[in-house]
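Each value in this text was obtained by applying a stated rule to the coordinates, not by laboratory testing. On a predicted model such as this, the values are computed, not experimentally measured, just so you know. No Cβ is skipped: glycine too gets one built from the backbone with ideal geometry, and neighbour counts run over all protein chains shown.
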Amino acid sequence: MIRPLALLLLLWSPLAALAASCEQSFQRKVLQTRAAGRTVLFTFPSAPGPAAADRRESEHLDWVRANTPWNARQILVNHDNILRDALTRAPPGSASRPSLEKSIRKDERILSGAIGRFRAPSCMDQVAFREFLQLVDLRKSPQEFLAYVHSQGMTKVMIADFDDKPDGVIGVRPSPRLLAEQARLQAEGWTYHAHLHNHPFMFNSSTGDIGAIVPSAPDIGSYKAGNPDVAWITNGVEVFEVKRAEYQQLE
Ligand SMILES: [Zn+2]
């Protein structure tokens, strides 16, 4: 008779062999180094397994948990309440009303579940996030990285800009190196699969808005211009994911 434990091992081992851990499943190549940072290409030959949080990610998570008990959805509810409050104080006909109303409509569609979803981080967004943490301590300096994921068959390639520009405008534009690499991949027949960037937490914000992971108007503009299959926004704790058919409905 086969022992239950032996049977379990027998069934489990082939599955474990198939799903290599995230850390074992990719190659990393620095394409360009510059004063503020670098552009990096990551190759994922097959569907990567789950990632374990590294030391910097764990410290980031501890810092978030020390500052808020809220999840991404609760942070968005708070953000939406702040916008609604601002709208009640904006005089009729004022210039700020249309953009406030537009943002509130977007938040409502996300909170209702009609557009996008919140999920746990996965290998690719964690790999990018931890690379960024090597350059920028988000606890001291709220900044963003930008990554484009391309796919061909089972293979995925992620090209990303990581820069430490503490005095720069929040929100990033792709570097010339990133754009050149994207053009090369698309010329070789790769599909633009995912747009990925981060929104940092801002616990010192004067409005009490601590940083929602929903696409800004410029984010939506770049999704529509680039037309990826899907877009991800991470804060290192959770990810907001929105598919093409969904972001096309956003204003
Ligand atoms: Zn953004």
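Results, tabulated for the structure shown:
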{"item": "Contour excess over end-to-end distance, with Cα ends at Ser46 and Thr155 and 0.36 nm allotted per residue", "result": "38.7 nm"}
{"item": "5 angstrom amide H check on Asp229, placed H, neighbours 5+ away", "result": "His193, Ala194"}
{"item": "Built amide H within the under 5 Å cut-off of Asp164, gap 5+", "result": "Gly37"}
{"item": "Whole-Hz couplings from phi, Karplus 6.51/-1.76/1.60, listed for the range 129-146; x for Gly and Pro", "result": "4, 6, 5, 5, 5, 5, 9, 10, 8, 5, 6, 10, 9, x, 9, 10, 10, 9"}
{"item": "Lysines whose Cα lies under 19 Å from that of Lys224, excluding same-chain neighbours fewer than 8 positions away", "result": "Lys102, Lys106, Lys243"}
{"item": "Ser112-Asn204 pseudo-label distance in nm [points 7 Å out on the Cα-to-Cβ vector]", "result": "3.9"}
{"item": "Charge dipole magnitude, Cβ of K and R +1, D and E -1 - the range 114-218, Cα centre, debye nearest 20", "result": "240"}
{"item": "Intensity falloff of the range 50-165 expressed as log10 I(q)/I(0), Debye formula with alpha-carbon point scatterers, at q = 0.15, 0.21 Å⁻¹", "result": "-0.94, -1.21"}
{"item": "Label-point separation in nm, Gln32 to Ala245, each point 7 Å along Cα→Cβ", "result": "3.7"}
{"item": "Karplus-derived HN-Hα couplings along the range 234-251 (A = 6.51, B = -1.76, C = 1.60, θ = phi - 60°), whole Hz, x at Gly and Pro", "result": "10, 10, x, 10, 9, 10, 9, 10, 9, 8, 3, 4, 8, 5, 5, 7, 7, 8"}
{"item": "Kirkwood-based shape ratio for the chain, expressed as Rg/Rh from alpha carbons", "result": "1.01"}
{"item": "HN-Hα J in Hz across the range 26-31 - Karplus 6.51, -1.76, 1.60, θ = phi - 60°, x for Gly and Pro", "result": "9, 10, 10, 9, 7, 8"}
{"item": "Listed residue (Ala95, Thr155, Val136) projecting farthest to the positive dipole end of the range 82-182, Cβ model", "result": "Ala95"}
